[in-house]
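> Below you will find the structure I want to go over with you.
The values are calculated or read from the model by the stated rules, or taken from the named source; none is laboratory data. Here the structure is a predicted model, which means the values were calculated and not measured. Every residue, glycine among them, receives a Cβ derived from its backbone with ideal geometry; neighbour counts consider all protein chains shown. Accessible surface is based on the protein model in full, side chains and every heavy atom, while ligands, DNA and RNA are left aside. Shrake-Rupley method; radii C 1.70, N 1.55, O 1.52, S 1.80 Å.
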Amino acid sequence: MGLSRATVTHVLNGRAAEQRIRPDTQKRVLEVALELGYRPNAAARAVRSGKYGSVALIQSQLGQYLPAELLAGLTSAIVARGMLLVLTQVANIDSSDDAYVAQTMRELSVDGVFVNRHGGTPPPFIERIRKLRIPAIFLNAKQEFDAVYPDDLAGGKLAAEYLLRLHHERIAYVESEPRCIPHYSELDRRAGYLTAMASAGRTPWIHQIPVDWRSPDVPGEDRRVEAAIQLLQTPNRPTAVIAYEFTESMAVVRAALTMGLKIPGDISLIQFHNRVDDSTFIPVHTVSNMMLEVGEGAVGMLLDKISMPEAALPSKVIPEILIEGATCLPHRRYVEP
């Protein structure tokens, strides 16, 4: 090719622009590299730079909650920085000892990790990560340091205050029965709703539906829908409902349809979700938990952590927003004739 080794190296390592290498030279180098089947040696690059150029997303178990928007936020921000994302599952993440965690990090060959664990992370595991100076950011976990999570407390208030401005007074909050280890959002969304109702002088109305939909007595019957029907059959039933998530929201929708009630004519509905979803019903008013922004924010935070592994970075709280759909109307008493 008649080019120096330095020129070829700069082109293959993406430094052609900063070295002011001519476009036609870059093209020649890349064409020959393609013909020869060249692939960068990541191990050699890591030895030279002391960095792998990749980060890992650690799942604590199969089926762990990982919304598409969160993954999209992570991947787009990582790719924009010329890095790679490794997705893996680590068994026994809570009970693993120091040697296990350190070995896992070496085998992954990454510069830092995102930890995605539903239900809270045990303090001993967090301390173990910090002691080993492993750059780690926790996703959708409410803790003081090294985490990025949506502001579900403010989101609960946002939903209730919106319905209160529409002159609804009987506003029910529908959630699933408590889990043994609740996610912080289960507590915060309810607390935000309760705060708004108390500030408005309104009586809160918490209604729980079963986690397991299967009925032991009636094959095919959905116990969640039956529980929602019980709510809507109550004398002086609620005129509006806030649903913890999509599952609870759809239970209310199916209950209303079963009873011949109209949404939003008879009942206004707001749900928490990643986005407005109209795949199974009309677009539902949604308090978005901003998972795309959580992912993007986590990438920037992890890069800071990689450069300062011993620093405890204050957690980043992502504000939630209300996205209007087609499931809320003012209370009938206040609708103009």
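> Collect residues whose amide H, placed 1.01 Å from N in the peptide plane, falls under 5 Å from the amide H of Val113; neighbours closer than 5 in sequence don't count.
It is Ala56, Ala136, Ile137, by chain and number.
> Further question: Taking amide H atoms as placed 1.01 Å from N in the peptide plane, list the residues 5 or more away in sequence, or in a different chain, whose amide H sits under 5 Å from that of Ser176.
The list, which skips near neighbours in sequence, is Ile209.
> I'd like the distance between the alpha-carbon centres of the range 151-209 and the range 220-250, rounded to an integer number of Å.
15
> In terms of modelled amide H atoms, which long-range or inter-chain residues lie less than 5 Å from the amide H of Asp277?
Val284
> Ranked from the most accessible area to the least, with a 1.4 Å probe and all protein chains present, what is the order of Val241, Val211? Don't skip to the end; give the middle numbers.
Numbers: Val241 0, Val211 80 Å².
Ranked list, largest accessible area first: Val211, Val241.
> Can you put Tyr173, Tyr184 in order of accessible area, largest first, using a 1.4 Å probe?
Tyr184, Tyr173
> Working with all protein chains in place, sort Cys328, Cys180 by solvent-accessible area computed with a 1.4 Å probe, largest first. If you can, show how the numbers build up before the last one.
Details: Cys328 20, Cys180 135 Å².
Result, largest first: Cys180, Cys328.
> Tell me, what is the per residue accessible area of the range 249-302 in Å², probe radius 1.4 Å? Provide the component values of the computation, followed by the final result.
Details: 1740 Å² over 54 residues.
Using a 1.4 Å probe on heavy atoms only, each residue of the range 249-302 averages 32 Å².
> Given +1 on the Cβ of Lys and Arg, -1 on the Cβ of Asp and Glu, and no further charges, what dipole in debye does the range 132-174 carry about its Cα centre, rounded to the nearest 20? Numbers along the way, then the final one.
On the way: 5 positive and 6 negative charges, 12 e Å.
Its charge dipole is roughly 60 debye.
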